[in-house]
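Structure first, then comments.
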Amino acid sequence: MSEETPSIAAPEQNAIAETGSITARTSRGTIHCITIVGQIEGHMELPAQNKTTKYEHLIPQIAAVEQTDEIDGLLVLLNTVGGDVEAGLAIAELIAGMKKPTVSLVLGGGHSIGVPLAVAAKKSFIAVSAAMTIHPVRMNGTIIAVPQAFEYLAKIQERIVDFITSHSHITAERLQQLMRETGQLTADVGTVISGNQAAALGLIDAVGTLSDALEALYTMIGEQKMQKETVNNRLSVCLFALYALFFSVPAAVPAR
């Protein structure tokens, strides 16, 4: 006797108080909204006064959104200064690997590791007043002055560059040029770009607002539903034809 697979419940709406997420249901579809704000916390806890986003909160949410039938798409709102590289890349990889429609919107800032998070969605937007900081990877704590340490940093930066360029329209050469810029930041290397510049560079798909992001998400949801209906209709036609052939019942094939 076959066992029924238990359904996975959608993330609760009251989770906004703890994780900054909420599920909204409309006639056009059900979307789950997550926020990535402040500093992205990694394996070490940050001081209590820091506004943080904990990856252990987001990872199960994203997995649940992808699995549950109750949710049609994911909206990611970003206003982050960056944070832990591996935690940020882990979240970005999850978003990029989703089959469901995903849209990101950068509000205020999408700095440092926030850049891969912004481009991970299938469609990315940035507010005209928002900004993004692009700089080389850095490391806190004690660093041993050996070639292996610098090779390790170079490999981490290569992972970030590869992810950004594979999920946006900016080239690796142009991105690395922005990272090595020395004439903008007073105490650092890198570039701060505005919303319009991010779109012009091909880093972000378009400048837009919340309504633009929602419209793009609902459009993708509608297209995906139509594709599923087309597949189901074709499957019904095939099953009907097989049924008629097996029982030798001449019948017209239903219209698609």
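Okay, here's what the table says:
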| quantity | calculated |
| --- | --- |
| Rounded tilt (10° steps) of 85-96 against the dominant C-alpha axis of the chain | 20 |
| Size of charge dipole - the chain - debye, nearest 20, with Cβ of Lys, Arg +1 and Asp, Glu -1, no other charges | 640 |
| Charge-dipole axis of the chain as Lys and Arg at +1 and Asp and Glu at -1 on Cβ define it, positive-most pick from V115, F240, S166 | F240 |
| Long-range Cα-Cα pairs in the range 114-190 (distance over 19 Å), rounded percent | 45 |
| Sequence-distant residues sharing a close amide H with T52 (under 5 Å, placed H) | Q39 |
| DSSP-defined beta bridges in the chain - what % are antiparallel, rounded to 5 | 25 |
| Footprinting exposure proxy for T68, T219 (fewest neighbouring C-beta atoms within 10 Å first) | T219, T68 |
| Calculated over the range 108-243: convex hull of Cα atoms, volume per residue (Å³) | 169 |
| Normalised convex hull volume, the range 96-151, alpha-carbon set, Å³ per residue | 110 |
| 3J(HN,Hα) from dihedral phi, the range 159-174, Karplus parametrisation 6.51/-1.76/1.60, rounded to Hz, x for glycine, proline | 4, 5, 4, 4, 5, 4, 5, 7, 10, 8, 10, 8, 7, 5, 5, 5 |
| Cα long-axis angle, helix 210-247 against the chain (0 to 90 degrees, to the nearest 10) | 30 |
| Most fluctuating residue given options P47, P147, P116, as computed from a GNM of the chain linking Cα atoms under 10 Å | P147 |
| P(r) histogram, all alpha-carbon pairs of the chain included - 5 Å bins from 0, percent | 1, 6, 11, 15, 16, 14, 10, 8, 6, 4, 3, 3, 2, 1, 1, 0, 0 |
| Listed residues R234, R138, R159, most fluctuating in the chain (Gaussian network, C-alpha, under 10 Å) | R234 |
| For the range 191-234 and the range 36-79, distance of Cα centres in Å | 20 |
| Value of D in µm² per second that Stokes-Einstein yields for the range 32-102, Kirkwood Rh from Cα pairs, at 4 °C (1.567 mPa s) | 103 |
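No lab work stands behind these numbers, since they all come straight from the coordinates. Quick caveat, the model's predicted, so the values are computed rather than measured. Note that we place each Cβ from the backbone using ideal geometry, even for glycine, and neighbour counts take in every protein chain shown.
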